[in-house]
1. Kindly establish whether A71 is closer than 24 Å to G119 by Cα and among the small types (G, A, S).
2. Checking the structure you have, find out if any residue of region 125-145 is buried (at least 18 other Cβ atoms within 10 Å of the Cβ), touching a Pro at 6+ places or on another chain (Cβ under 8 Å), free of Cβ contacts under 8 Å to residues at least 60 places away in the same chain and within 20 Å of I26 (Cα to Cα).
3. Can you pull out the residues in region 1-36 that are within 26 Å of G128 (Cβ to Cβ) and hydrophobic (A, V, I, L, M, F, W, C)?
4. Just to check your reading of the model, which residue among G110, G66 is assigned to a helix (DSSP H, G or I), surrounded by 24 or more Cβ atoms within 10 Å (Cβ to Cβ) and at pLDDT 95 or above?
5. For region 69-107, which positions are among the β-branched types (V, I, T) and not in a helix (DSSP H, G or I)?
Amino acid sequence: MKLIVGLGNPEAKYQKTRHNLGFMVIDSFIQNEGLSWRYSQDFVAYYIKTANFIIAKPGTYVNRSGIAVVAICQFYQIDLKNMLVVHDDLDLPFGKIRLTFESSSAGHHGVESIMKNLGAEFARLRIGIGRPSPKASDGKSIDPEKYVLENFPSSEQGKLPEIIDQCCEAINSYCQSGIQATMNRFN
């Protein structure tokens, strides 16, 4: 059984922020598959279980994602090697996607939360959001933690559907062919 986890923040005010790109992708994926979310208080997550995979959105804030992921992994006895975590990535240019396996968190607090609770033996679909410019127009540095909680600017919003579609293709590939074949295809 494979587990696909999208990372994001649960409140509506975060719905269109950079940090919710993982949620945007898996919401699109389940919509394309004709599936619907259900909420579990035991998992503290929205999830869907099919014959081939489980897909989940933690109901916690990003930096506490490990709580939901641990509960799901324990209940369904998921081998971490069969887990894909979908999330935003500051270290990749906007729109670039990269699949990795057993890589570091690179400072992503949601990934850190999962690793702290379960280890690092899982795959990640990293979606580039780019880093903020070193200086804002007023000459002040932009804090990356604030940057990820901002909505995408209009110049990027028009490109999101294509990026999200590419990520959904990668998830389909992962579900059907596994991480190595998917890395070969998309990296």
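1. Working: closer than 24 Å to G119 by Cα: yes; among the small types (G, A, S): yes.
The answer is yes for A71.
2. If we filter region 125-145 for residues that are buried (at least 18 other Cβ atoms within 10 Å of the Cβ), which is where we start, we get 125-129.
Subsequent filtering for residues that are touching a Pro at 6+ places or on another chain (Cβ under 8 Å) retains 128.
Next, from what is left, pick out any that are free of Cβ contacts under 8 Å to residues at least 60 places away in the same chain: 128.
With the extra rule that they be within 20 Å of I26 (Cα to Cα), the set shrinks to 128.
Within region 125-145, one or more residues are buried (at least 18 other Cβ atoms within 10 Å of the Cβ), touching a Pro at 6+ places or on another chain (Cβ under 8 Å), free of Cβ contacts under 8 Å to residues at least 60 places away in the same chain and within 20 Å of I26 (Cα to Cα).
3. The first filter runs over region 1-36 and keeps only residues within 26 Å of G128 (Cβ to Cβ), leaving 2-33.
Correct list: L3, I4, V5, L7, A12, L21, F23, M24, V25, I26, F29, I30.
4. G110
5. Here is the first cut: in region 69-107, the ones among the β-branched types (V, I, T) are 69-70, 72, 78, 85-86, 97, 100.
Matches in region 69-107: I78, V85, V86, I97, T100.
Residues checked against (1) in a loop (DSSP other than H, G, I, E, B); (2) crowded, with 20+ Cβ neighbours inside 10 Å:
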{"site": "I4", "(1), (2)": "no, yes"}
{"site": "G8", "(1), (2)": "yes, yes"}
{"site": "K13", "(1), (2)": "no, no"}
{"site": "M24", "(1), (2)": "no, yes"}
{"site": "S28", "(1), (2)": "no, no"}
{"site": "D42", "(1), (2)": "yes, no"}
{"site": "I55", "(1), (2)": "no, yes"}
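The values are calculated or read from the model by the stated rules, or taken from the named source; none is laboratory data. These figures come from a predicted structure and were not determined experimentally. Every residue, glycine among them, receives a Cβ derived from its backbone with ideal geometry; neighbour counts consider all protein chains shown.
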